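Below you'll find the structure, written out as structure tokens, and then a few comments.
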Amino acid sequence: MKTTYIYLVLAFSMLTNLYAQDAQTANNKSNAGLKFGYNLAAVSFDGDTETGQRHGFHAGFYGESFATNKLAFQVEILYAQQGYEVKDNSGTFTQKLDYINMPLLLKLYPSNNFFLEAGPQIGLAISHKEEFDSSFNLFDTEQKFNPNRFDWGMNFGGGVKTDSGVSFGVRYHLGLGDIYDDGNPRNRVWKFSLGFDF
């Protein structure tokens with residue numbers, strides 16, 4: 001838990017410094033804000049088998065700094081519900097994986113109100129929980145599914161942002177780190193977000 005607090009403090013400091021430094025420039029276009037949204041999360045095993053999706057949400061903060069009128073850098077700190085579901089005829093197994101994620105995004109604005117974004121993401125697993133339908137027999141119910149502490153991957157997406165600072169974005173997270181040690185399971189997450197500049 002101590003590591004989690006240190007991770008959050010460092011990430012929040014980066015956001016604050018990024019915003020404060022750019023605010024001193026003559027053509028300040030920096031902004032910070034809140035964002036939240038809906039997750040459709042799954043896991044890919046061995047690169048070719050993908051599970052059913054877990055429905056969840058994400059919420060957190062962002063800071064955006066413009067290098068030019070068309071190019072910006074964005075840092076985020078997000079709590080995210082991820083994981084997956086596996087179903088058969090007798091029931092459902094749900095793996096709930098919750099993370100603190102920090103995406104680092106390069107954003108391109110082809111027009112004033114439309115953006116494309118891409119960049120890496122690191123994540124810290126903060127909790128996990130397995131839920132078994134009472135009649136589900138695909139997994140041994142005594143088996144433990146402890147995730148690896150750290151996750152990483154790439155994000156790709158785009159969206160629109162109004163002149164008033166309200167944004168809507170769609171993003172795909174391609175996990176590149178193994179969640180567990182067996183089967184090369186990796187996160188696959190669609191994110192639909194609303195953002196509000198301070």
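The values are calculated or read from the model by the stated rules, or taken from the named source; none is laboratory data. Just so we're clear, the structure is a prediction, and the values are computed from it rather than from any experiment. Backbone-built Cβ (ideal geometry, glycine too); neighbour counts: all protein chains shown.
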message: Just checking, does the stretch 81-90 include any residue being on the phi < 0 side of the Ramachandran plot, of a type outside the set (Val, Ile, Thr) and at pLDDT 95 or above?
response: yes
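Out of Ile100, Ile77, report the one residue that is closer than 26 Å to Val160 by Cα and in contact with a Ser or Thr (Cβ under 7 Å, 6 or more places away or on another chain). Break it down stepwise before answering.
Values: Ile77 fails: in contact with a Ser or Thr (Cβ under 7 Å, 6 or more places away or on another chain).
Just a single option satisfies the conditions, and that option is Ile100.
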- prompt: Of the residues that sit in the stretch 33-47 and are buried (at least 19 other Cβ atoms within 10 Å of the Cβ) and out of contact with any Ser or Thr (no Cβ under 7 Å at 6 or more places or on another chain), which one is modelled with the lowest pLDDT?
  reply: Ser44
- prompt: Taking the condition more than 20 Å from Glu85 (Cβ to Cβ), modelled with pLDDT under 95 and either outside any strand (DSSP E or B) or not aliphatic (A, V, I, L, M) (or both), does Ser164 pass?
  reply: yes
statement: In the stretch 111-160, anything at pLDDT below 95, under 15 Å from Lys70 (Cα atoms) and either of a type outside the set (Gly, Ala, Ser) or part of a loop (DSSP other than H, G, I, E, B) (or both) is listed as Asn112, Asn113
